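Okay, so here's the structure we're looking at.
The values are calculated or read from the model by the stated rules, or taken from the named source; none is laboratory data. Since this is a predicted model, take the numbers as computed values, not measurements. Methodologically, a virtual Cβ is constructed for each residue, glycine included, from the backbone with ideal geometry; neighbour enumeration extends over all protein chains shown.
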Amino acid sequence: MADGSAVPLKERYEASVVLSGAGDALAYNHGHWEFQRDGERIHQEVAAKGGVAMLDAKDFPVSDDTVMHLATAEALMEVGKAKTQTLGELVKRLVQEYIRCMRDMDGRAAGLTCISNVALHARRQDGDHKIRFNRGGGGCGAAMRAMCIGLRFPSPEQESHLIAVSVESGRLTHHHPTGYLGALAAALFTAYAVRGSPPVEAWGRGLMEILPRAQQYVIQTGHCVEENVNNWDYFENAWRTYLSQRAILEGTGKAVFPQPYGVKEREVFYKGVAFRDWGGSSGHDAPMIAYDALLSAGDSWEELANHGFFHGGDSDSTGVIAAAWWGATYGFRGVPERNYKSLEYRKRMRKAAQRLLELSSQPFSQGEGGD
């Protein structure tokens, strides 16, 4: 795998946000590919269009994933204007931005869990942003919008903030460990990509090591502790099994893939790690499939797309995550301009990336507030 450390940090920040949107838009394709269960057919249609390099972003609007990712980024940016940045104020701002972004969901296939819980927040007048534990809250809606949290808190010294913000942002809509731990994984791996260390194969081990800290944080908040602890193991066990299959549970060596590992084989594998046979639709397997794609692709944008964007499942959610990590690692190197040059909301994305880079060195206080 080529080293992306020579790419300027500013470019990698911009690429993380912009290419995330591109991965989402190309995978979504007006909903035609996100809801196409036959991955081989998607690949045939991509080939008929001339392949990945010929896909023009102007023909591919973003989905709900990017709209909500930008909402998360812009909440971080707004709170960043304050003299003292606190978790409590950020949670309030996240709620406001998620409510606002729901006005921009026409034709973007917003998820029902996000819609219903954001609507709940909009109706509330008690100033409380906690929601009840939800046994059905393990979807990928928290993960798909959390990568920018890793851009705001990239350093090892900021990991406690990354944990708190990803958990709280996630359980504003997805109050189940499988849901909000997906947000933690999406944010953590973005931070790893920004650092350029440890090696990509070690990221999964890093996630395993940070999960007990995340659980301790959830316990300390005192909100629905028993339900969260009792439902914690599914996410961790799924990831432990996956990392063992790839021979990187210990974070050493190179990932091992079956041979061959073509479209058919990936379809079987993605369904096998999924909840209810819909690869990428849950908080555990959306970042897992994105990670699998990143490991497979190395520094090839085209291979990242083939593995992470185009499959029978929740492909825009895996695409939006995988492309954010790839951009934070490699910048725009080797990416066809037509894949992102005319991308919807690109100007907002570039602004968000620039501001998140500026904020990444600023202090933050968990203080009072949050769930």
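Structure data summary
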read-out: Matching residues, segment 344-356, being of a type outside the set (S, T, N, Q), surrounded by fewer than 19 Cβ atoms within 10 Å (Cβ to Cβ) and part of a helix (DSSP H, G or I); value: ARG346, LYS347, ARG348, ARG350, LYS351
read-out: Subset of segment 72-86 that is surrounded by 24 or more Cβ atoms within 10 Å (Cβ to Cβ) and closer than 13 Å to CYS101 by Cβ - its residue that is farthest from the chain's Cα centre (by Cα); value: ALA75
read-out: Per-region count, segment 312-371, residues within 27 Å of PRO199 (Cβ to Cβ) and without any contact (Cβ under 8 Å) to a residue 12 or more places away in the chain; value: 1
read-out: For PHE275: the one exception among (1) modelled with pLDDT under 95; (2) of a type in the set (A, V, I, L, M, F, W, C); (3) part of a helix (DSSP H, G or I); value: (3)
read-out: Residue list for segment 310-343, filter: of a type in the set (D, E, K, R) and surrounded by 24 or more Cβ atoms within 10 Å (Cβ to Cβ); value: ASP314, ASP316
read-out: Conditions (1) of a type in the set (D, E, K, R); (2) under 27 Å from ALA142 (Cβ atoms); (3) assigned to a loop (DSSP other than H, G, I, E, B); number of the one not met by ASP299; value: (2)
read-out: Those residues of segment 267-326 which are among the charged types (D, E, K, R) and over 12 Å from the mean Cα position of the chain (by Cα), in sequence order; value: GLU267, LYS271, ARG276, ASP277, ASP292, ASP299, GLU302, GLU303, ASP314
read-out: Condition met for GLU89 (crowded, with 17+ Cβ neighbours inside 10 Å, modelled with pLDDT of 95 or more and either farther than 29 Å from GLN158 by Cα or in contact with a helix residue (DSSP H, G or I) (Cβ under 6 Å, 6 or more places away or on another chain) (or both)); value: yes
read-out: From THR221, THR173, residue being under 20 Å from LEU87 (Cα atoms), surrounded by fewer than 18 Cβ atoms within 10 Å (Cβ to Cβ) and at pLDDT 95 or above; value: THR221
read-out: Hits in segment 216-240 (condition: on the phi < 0 side of the Ramachandran plot and without any contact (Cβ under 8 Å) to a residue 24 or more places away in the chain); value: GLN216, ILE219, GLN220, VAL225, GLU226, VAL229, ASN230, ASP233, ASN237
read-out: Complete set of residues in segment 103-159 that are buried (at least 18 other Cβ atoms within 10 Å of the Cβ) and of a type in the set (Gly, Ala, Ser); value: ALA110, GLY111, GLY137, GLY138, GLY139, GLY141, ALA142, ALA143, ALA146, GLY150
read-out: Answer residue from segment 232-287, given it is hydrophobic (A, V, I, L, M, F, W, C) and in contact with a strand residue (DSSP E or B) (Cβ under 8 Å, 6 or more places away or on another chain) and is farthest from GLY298 (Cα to Cα) among those; value: PHE275
read-out: Condition check for GLY298: closer than 23 Å to LEU188 by Cβ, of a type outside the set (A, V, I, L, M) and touching a residue at least 40 places away in the same chain (Cβ under 8 Å); value: yes
read-out: Test: GLY369 is farther than 15 Å from GLY21 by Cα, at pLDDT below 95 and surrounded by fewer than 17 Cβ atoms within 10 Å (Cβ to Cβ); value: yes
read-out: Count of segment 206-224 residues which are over 17 Å from GLY88 (Cα atoms) and in a helix (DSSP H, G or I); value: 12
read-out: Near pairs, Cβ below 8 angstrom, 6+ apart or cross-chain, from segment 84-103 (among the small types (Gly, Ala, Ser)) to any residue that is not in a helix (DSSP H, G or I); value: GLY88/GLY367; GLY88/GLU368; GLY88/GLY369; GLY88/GLY370
read-out: Verdict on GLY141 being touching a residue at least 40 places away in the same chain (Cβ under 8 Å), in contact with a Cys (Cβ under 7 Å, 6 or more places away or on another chain), in a loop (DSSP other than H, G, I, E, B) and of a type in the set (Gly, Ala, Ser); value: yes
